[in-house]
1. State the number of residues belonging to the range B:33-63 that are more than 7 Å from chain A (Cβ to nearest Cβ) and assigned to a helix (DSSP H, G or I).
2. Out of A:Leu10, A:Leu18, A:Leu23, which single residue is in a helix (DSSP H, G or I) and surrounded by fewer than 14 Cβ atoms within 10 Å (Cβ to Cβ)?
3. Could you list, in sequence order, all residues of the range A:518-534 that are in a loop (DSSP other than H, G, I, E, B), within 14 Å of chain B (Cβ to nearest Cβ) and not aliphatic (A, V, I, L, M)?
4. Which numbered condition trips up A:Thr438, out of (1) assigned to a loop (DSSP other than H, G, I, E, B); (2) modelled with pLDDT of 95 or more?
5. Within the range A:109-117, is there a residue that is surrounded by 22 or more Cβ atoms within 10 Å (Cβ to Cβ), closer than 30 Å to A:Tyr202 by Cα and within 14 Å of chain B (Cβ to nearest Cβ)?
6. Considering only the range B:19-32, state which residues are over 12 Å from B:Ile64 (Cβ atoms) and assigned to a helix (DSSP H, G or I).
7. Do the conditions hold for A:Tyr143, that is, is it modelled with pLDDT under 95, over 18 Å from A:Thr64 (Cβ atoms), in a helix (DSSP H, G or I) and not hydrophobic (A, V, I, L, M, F, W, C)?
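The values are calculated or read from the model by the stated rules, or taken from the named source; none is laboratory data. Just so we're clear, the structure is a prediction, and the values are computed from it rather than from any experiment. Here the Cβ positions follow ideal geometry from the backbone for every residue, glycine too, while neighbour counts run over all protein chains shown.
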Amino acid sequence: MTSGLQWTELAIFTALFLLVTVLGFVAARWKAGHTLDHLDEWGLGGRKFGAWITWFLLGGDLYTAYTFVAVPALIFGAGAMGFFAMPYAVIAYPIVLLPALRLWSVSRMHGFVTSADYVRGRFGSPTLALAIAITGLVATMPYIALQLVGLEAVLRTMGLNGSGILGHLPLLVAFVILALYTYQSGLRAPALIAFVKDVLIYIVIFAAVFYLPSKLGGWEAIFGDAAEALSQTNPATGKPSGSLVLAEPSQLQYATLALGSALALFLYPHALTAIFAARGRKVIKRNMAALPAYSFLLGLLALLGFVALSAGIEPITNAATGRPDSNTVVPVLFGQEFPSWFAGIAFAAIGIGALVPAAVMSIAAANLWTRNVYKEYLKRDATPAQEAKQAKLASLVVKFGAVAFILFIDPQFSIDLQLIGGVLILQTLPAVALSLYTRWFHRIGLIAGWAVGIFWGIAMLYSIPNPATGKEHFGGSALALDQLSIFGWRPFAGEETMVYPGFVALVANLLIAVIVTLIVRAMKVPAGQDVTTGSDYHADEGDEDLRAIAAKH
Amino acid sequence: MASPSSSNRPTGLRWNAWNLLLLVPLLTLYPPLFNRIEPKLFGIPFFYWAQLAWVFVGVTCVVIVYRMTRDDRAGNRRGSTESERDA
């Protein structure tokens, strides 16, 4: 493919982009409540999304543009390891089913908008709630920036590959438009747009998975070519870049990365926002059963990484950074092998696939800021209308912050931050998820465990180099057990087996939480007040005593 | 009949043996079970098609748990409004 402008693709991309823009603005009036000046309405869509809307919203929200470009890119670069996204995306739903129901119920009863709201109510500890809120904010922000990375990969493949700040102009335009309709419509905007995104994605990936192998000689040949390409020695590391199955030292890493990612998925604010927006428990149950359809799709998409290897795809060099962008592997594959009109649809699917999660993530971050920083510490007497106004502004700030990251800082930094963010958000599991079942942990124990998990997690990630790219720190998500050191003691010295540091940090988090809880209980330090009661965790739509939505609290 | 409210909702943890089915999908976390190339399906190595197929195991388990743990409260309302509540 030439590096000039791809006019057909651009035309179709622009047309579909305009369609979702219109939808984004119109969404304000869809299923409208009596006002948008309340976080229940702006930030949670009125708490009345049914099963289908939630399926499209969560599907569009969890399976992001970054996921679509990065997972095949990982397969392209390393082979089997990149497929961790499959077990991750399969086990997440059975694991989360029961806790998500309890969290929805208690939040519906008490008007909680964020996980930190819930923690505040459950433990009566503003400090613990602040810790949860800050973790959520820090984990979400780079993830928004990465959606921009995904969107840019597509724009540059279509030939909009300028250098310097001007090279980012199409991205800026797209994002300003997104910011405007999210400001106006809140969560309803991405919910409506998700319909378009998800339909396009299903069409594109199913077409790709049938059409491309038939064009390139069948899966047998594709995997044969891929195996050969992966076994070439990488000059930077002196080892093959990957393989079709997992090497021995990578197996524990695969399992712990999948498990850690699955546990973390619904701790992310943007996932919980979509859960809280549901109308009832049945909506959540049905979605835990039906969302894996997207996981199947993700698995098929991952296989396209091998197709790209077999087709001899070369990643595009990003003119703004000067380096090859491995995230362009799938867009380039589509551009090269599909007829132009279909490639345009495929690019639109990925591009719009950035808008939905970016919108939900910015709303989730805005909700966290508004409820757990602004209202808690800055303006305690904020009215619901003031909360909504603050959240709208916050969502703008968050989005433009993400753009600034991409414009002025190396995108690699955002990738590093997101990796760290995954480890961080996992440390909120004891306070947010385990607390749904027991109040045995003391708030001080939870804070201590959280702190240990955070700091040790970051320290472990810092110690991981990446010889292939020449990075000395934050080089990846795999820690050799040999390197695992607890204040200098190396329990696994000499072990090549690798493990996901987030998981290790979580184990330490839990141990410290238990130990500190025991100490603090023995010292008879009072536990905070719990505003929730046992029956709150079983509330459902239609119950008599539910809180009114958009209540003037 | 009275709608459910806090007076007739359960208060403690409710356990149903069917919930154990939710552990079955976790078998996919044990790589030695599927870390091989043969047998292939349509030319795709076992490692890949087996994990893809596991999606259906996960879905089946969740659906069974959903169906078998539908409780009386849903039954009380079923006659009057369940069909209205769909979608």
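1. Total satisfying the criteria: 8.
2. None of the other options fit; the residue is A:Leu18.
3. Result: A:Asp530, A:Thr532, A:Thr533.
4. The number of the failed condition is (2).
5. So far as the range A:109-117 goes, no, none of its residues is surrounded by 22 or more Cβ atoms within 10 Å (Cβ to Cβ), closer than 30 Å to A:Tyr202 by Cα and within 14 Å of chain B (Cβ to nearest Cβ).
6. Hits for the range B:19-32 are B:Leu23, B:Leu26, B:Leu27, B:Thr28, B:Leu29, B:Pro31, B:Pro32.
7. For A:Tyr143, the condition - modelled with pLDDT under 95, over 18 Å from A:Thr64 (Cβ atoms), in a helix (DSSP H, G or I) and not hydrophobic (A, V, I, L, M, F, W, C) - is not met.
Per-residue answers, yes or no, for (1) of a type in the set (Phe, Trp, Tyr); (2) not in a helix (DSSP H, G or I):
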{"residue": "A:Phe455", "(1), (2)": "yes, no"}
{"residue": "A:Ala459", "(1), (2)": "no, no"}
{"residue": "A:Phe474", "(1), (2)": "yes, yes"}
{"residue": "A:Ala493", "(1), (2)": "no, yes"}
{"residue": "A:Phe503", "(1), (2)": "yes, no"}
{"residue": "A:Ala508", "(1), (2)": "no, no"}
